[in-house]
Amino acid sequence: MLPEGAKAQRVYLSLRDQITGGSLSDGDSLPGEQRLAQTFGVSRVTVRRALDALAGTGLIERRAGSGTTVRTASGATKPIAMNFSTLMPQLVEMGQSTTARLLSFSYGKAPEFVASAMGLGAEDDVQIATRVRSAKDIPFSHLTTYVPASIARNYSEDDLASQPLFALLERSGVEIEEAHQSVSATLAGPEVAEALGVAVGSALLSLRRVVRDLNGNGVEYLSGLYRPDMFRLEMPLTRVGEGKARHWEPAIGQDREGAS
């Protein structure tokens with residue numbers, strides 16, 4: 001969890017980003033509290049709160065007399081990496097290897113932008129569910145899904161809290177044909193920040209996806225927010241063509257080591 005106080009959170013997030021981004025490697029020693037306090041323009045008490053929070057995540061190890069050492073290989077959760085070209089089967093696998101906490105579950109009308117994207121009529125109800133997905137008890141995504149009520153009534157609230165949504169859709173007889181998604185960036189509002197354990201205003205990856213069945217009907221709309229220190233999207237590229245027409249293309253189907 002984040003330390004208390006805006007200054008301590010700033011120190012914590014900066015050091016965490018340096019560690020997860022590779023600027024600080026496993027076994028590196030951090031400067032002393034006094035040096036860190038001078039670097040960030042804060043008190044040693046503030047630095048100590050930030051370091052205690054980092055130690056709680058397993059990113060550093062603090063020992064009296066020997067200083068503070070980065071420990072990215074000793075229990076810290078590595079970012080989950082998803083390959084764009086093989087994303088759909090990876091999502092099913094991720095749903096089985098991570099845990100989800102259901103925050104809300106209801107039926108009603110979809111927002112206009114969701115209804116338009118899915119091709120829903122004004123009379124169509126949807127199931128609206130919000131979940132937080134975690135890896136090793138560390139939250140990394142805040143997911144809101146919209147599913148037509150005619151499909152969603154085939155599974156329960158408990159099912160959604162314990163099983164991947166793709167599996168539930170297929171169990172309900174849905175034959176998925178395609179999906180379209182877009183990725184952008186946004187900032188964490190108060191509710192999402194609390195759910196993901198980040199500071200308000202932290203940068204997040206924003207992913208929106210529309211899934212369609214064999215008849216082109218929208219069967220799911222996902223609005224997902226992801227911590228960039230815990231989740232990343234990758235796309236392998238290959239060089240194709242000849243001469244001036246030579247260009248980069250996605251390497252569809254290329255495996256990525258450790259994709260799960």
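Just so you know, all these numbers are worked out from the coordinates, no wet-lab data involved. Not measured: the values here are computed from a predicted model. FYI the Cβ positions are ideal-geometry reconstructions off the backbone, even for glycines, and counts take in every protein chain you see.
Some notes on this structure:
- Within region 40-61, backbone nitrogen closer than 17 Å to the virtual label 7 Å beyond the Cα of Q34 toward Cβ: 40-48
- Shown for F166, F140: other C-beta atoms within 10 Å of each C-beta, ranked fewest to most, produce the order F166, F140.
- Residues T69, T186, sorted so that the one with the fewest Cβ neighbours within 10 Å comes first: T186, T69
- If the segment from A122 to M235 were pulled out straight at 0.36 nm per residue, it would be longer than the present Cα-Cα gap by 36.9 nm.
- Summary of the geometry: region 136-209 and region 1-66, compared by the centres of their Cα atoms, lie 31 Å apart.
- Check: the chain dipole with +1 on Lys, Arg Cβ and -1 on Asp, Glu Cβ, in debye: 1280
- Candidates A53, A185, A64: whichever shows maximal mean-square fluctuation once the chain is modelled as a Gaussian network with Cα springs under 10 Å: A64
- Distance in nm between pseudo-label sites at D17 and T69 (7 Å out along the Cβ direction from Cα): 2.8
- Cα gyration tensor, region 111-196 - rounded (a/c under 1.5), prolate or oblate: oblate
- Full extension of the chain between E194 and S43 gives 51.8 nm of extra length, using 0.36 nm per residue less the Cα-Cα distance.
- Positive-end extreme of charge dipole, the chain - chosen from A129, A193, P236 (charges on Cβ): A193
- Here the extension length gained between R208 and E112 equals 33.1 nm, from 0.36 nm per residue of separation less the Cα-Cα distance.
- Cα→Cβ-extended label distance, 7 Å offset, between Q163 and A55, nm: 4.4
- With neighbour counts taken as other beta-carbon atoms within 10 Å, the residues I138, I60, I19 rank, fewest first, as I138, I19, I60.
- Shown for the chain is the translational diffusion coefficient from the Stokes-Einstein equation, using the Kirkwood radius over Cα pairs, a temperature of 37 °C and a viscosity of 0.692 mPa s: 160 µm²/s.
- Charge-dipole axis of region 6-70 as Lys and Arg at +1 and Asp and Glu at -1 on Cβ define it, positive-most pick from L13, G27, T69: L13
- Vicinal HN-Hα couplings computed from phi for region 137-152 (Karplus, 6.51 cos²θ - 1.76 cosθ + 1.60; Hz; Gly/Pro x): 6, 10, x, 10, 9, 10, 10, 10, 10, 10, 10, x, 4, 4, 8, 5
- Value of [θ]222 nm, deg cm²/dmol, for the chain, DSSP H segments ≥ 4, -39500 (n - 2.57) each, nearest 500: -8500 deg cm²/dmol
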